[in-house]
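Asker: My questions all concern the structure below.
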Amino acid sequence: MKFFIDTADLDAIREIKAMGMCDGVTTNPSLMAKAGRTDTDALLKEICRVVQGPVSGEVIALDAEGMVAEGRRLAKVDDHIVVKVPTTYDGLKATAALAADGIAVNATLVFSASQALLMAKAGAAYVSPFVGRLDDVSEDGMQLIEDICQIYENYDFETEIIVASVRHPIHVVESARLGAHIATIPPEVVRKLVAHPLTDKGLAAFLADWRKLQEGR
Ligand code: E4P
């Protein structure tokens, strides 16, 4: 299973990449705003240089023509750029056009199996179902992942599933259990994935015993 890191924070990306936990990065306009850099293309380029893997940058346009123009510009920033396109009627048109140009598209804001099916048919390289935001409105985010995995398997779609809007470790573990290709994980969830209170408790006990041993010398 591949881990993408869901952030535009270069320091966090560098740290997680060095641990071997970063196969790619996803950004969106909100994450870019959080990073506080207005030179967004330059920031994407720097992220690509660190990651050396797929880095998603999102289009802002809402019409197909605008999305295609923006997508083509973004794709020129670096060979690793994946163009994030919203899953709308115009997004479908733009995805088909960008895919025909050989540009990798990440279909974003996916909230239903029908959206994932259509974006795969349009030629998206990735789809991003947002599990956390579905859970927030009392829908089962992980059930959507199961449905998309099943549909893609039925028809041998090559589109990869990026589990997005990940809020906690169980989202990642369930994604792995279901066989999703990728989870895009915020840096704070990477920390939570490795943490366990029994590890901390066990370590404290080992160190206390070690200290006692040294003091008894
Ligand atoms: C990634 O592609 C998405 O933009 C991101 O996971 C959304 O996460 P959020 O629902 O926590 O904003």
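Asker: Identify all residues within the range 125-151 that are among the charged types (D, E, K, R), within 12 Å of the ligand (Cβ to nearest atom) and over 24 Å from Leu92 (Cα atoms); write none if there are none.
Answerer: Asp135, Asp136
Asker: Let me ask something else. Looking only at the range 36-79, how many residues end up being within 16 Å of the ligand (Cβ to nearest atom), among the β-branched types (Val, Ile, Thr) and in a helix (DSSP H, G or I)?
Answerer: Counting residues in the range 36-79 that are within 16 Å of the ligand (Cβ to nearest atom), among the β-branched types (Val, Ile, Thr) and in a helix (DSSP H, G or I) gives 3.
Asker: Which numbered condition trips up Tyr155, out of (1) in contact with a strand residue (DSSP E or B) (Cβ under 7 Å, 6 or more places away or on another chain); (2) hydroxyl-bearing (Ser, Thr, Tyr); (3) over 25 Å from Ala8 (Cβ atoms)?
Answerer: Here Tyr155 meets the rest and fails (1).
Asker: Could you grab me the full set of residues in the range 25-35 that are within 16 Å of Pro187 (Cβ to Cβ) and more than 8 Å from the ligand (Cβ to nearest atom)?
Answerer: Within the range 25-35, Val25, Met32, Lys34, Ala35 meet the criteria.
Asker: Among the numbered conditions (1) over 20 Å from Phe3 (Cβ atoms); (2) within 12 Å of the ligand (Cβ to nearest atom), tell me where Asn154 comes up short.
Answerer: For Asn154, the failing item is (2).
Asker: Right, here's the next one. Part of a helix (DSSP H, G or I), within 30 Å of Asn154 (Cβ to Cβ) and either touching a helix residue (DSSP H, G or I) at 6+ places or on another chain (Cβ under 9 Å) or more than 16 Å from the ligand (Cβ to nearest atom) (or both), is that true of Ala99?
Answerer: yes
Each value in this text was obtained by applying a stated rule to the coordinates, not by laboratory testing. Keep in mind it's a predicted model, so treat the numbers as computed, not measured. Cβ sites come from the backbone with ideal geometry, for glycine too, and all protein chains shown count toward neighbours.
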